[in-house]
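I have placed the structure first, in the form of structure tokens, so that the comments after it can refer back to it.
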Amino acid sequence: MTRSFRSLIERQIQKARLQGQLDNLEGEGKPLPDRTAETQTDAAEAAGFRIMAQAGVLPQEIELKKEIDSLYKSLQTTDIEEERKAITTKISRLDLRYNIAREARQKFMRH
């Protein structure tokens with residue numbers, strides 16, 4: 001993990017801590033689960049995402065992915081063509097935003 005990405009994670013954690021979003025979380029004070037199968041970089045990134053998720057400060061790409069997944073489920077449950085078209089359009093727009101956010105994070109991590 002690049003130093004700049006770690007700095008981003010630390011800033012997000014500090015912001016959440018100052019706002020009290022990290023108080024009384026499930027598992028507080030306990031060690032993180034053993035993830036020996038992951039590389040140290042992946043484990044650190046995963047831990048950062050997990051901490052941010054518990055504090056309710058998920059990165060934009062994660063929020064977008066959740067919304068896209070939800071829309072795909074909605075798409076499967078409707079047979080009305082007009083609704084399917086609207087959902088598909090929204091998925092396309094969100095997918096573009098998701099890919100932009102993901103690419104920005106990856107680019108940020110490389111520097």
* Asked: What residue, of GLU38, GLU45, is of a type in the set (D, E, K, R), surrounded by 12 or more Cβ atoms within 10 Å (Cβ to Cβ), modelled with pLDDT under 75 and assigned to a loop (DSSP other than H, G, I, E, B)?
  -> GLU38
* Does region 19-27 include one or more residues that are among the charged types (D, E, K, R), at pLDDT 75 or above and farther than 21 Å from TYR98 by Cα? -> yes
* Give the residue, chosen from LYS65, LYS90, LYS107, that is without any contact (Cβ under 8 Å) to a residue 40 or more places away in the chain, over 30 Å from GLY20 (Cβ atoms), surrounded by 13 or more Cβ atoms within 10 Å (Cβ to Cβ) and of a type in the set (Lys, Arg). => LYS90
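Return the residues of region 64-111 that are hydroxyl-bearing (Ser, Thr, Tyr) and either assigned to a helix (DSSP H, G or I) or in the same structural domain as PHE5 (by TED's automatic domain parsing) (or both); say none if nothing qualifies. Working first, answer last.
The first filter runs over region 64-111 and keeps only residues hydroxyl-bearing (Ser, Thr, Tyr), leaving 70, 72, 74, 77-78, 88-89, 92, 98.
Residues satisfying the conditions are SER70, TYR72, SER74, THR77, THR88, THR89, SER92, TYR98.
The values are calculated or read from the model by the stated rules, or taken from the named source; none is laboratory data. Here the structure is a predicted model, which means the values were calculated and not measured. A quick note on method: Cβ atoms are made from the backbone with ideal geometry, for glycine too, and the neighbour counts reach across all protein chains shown.
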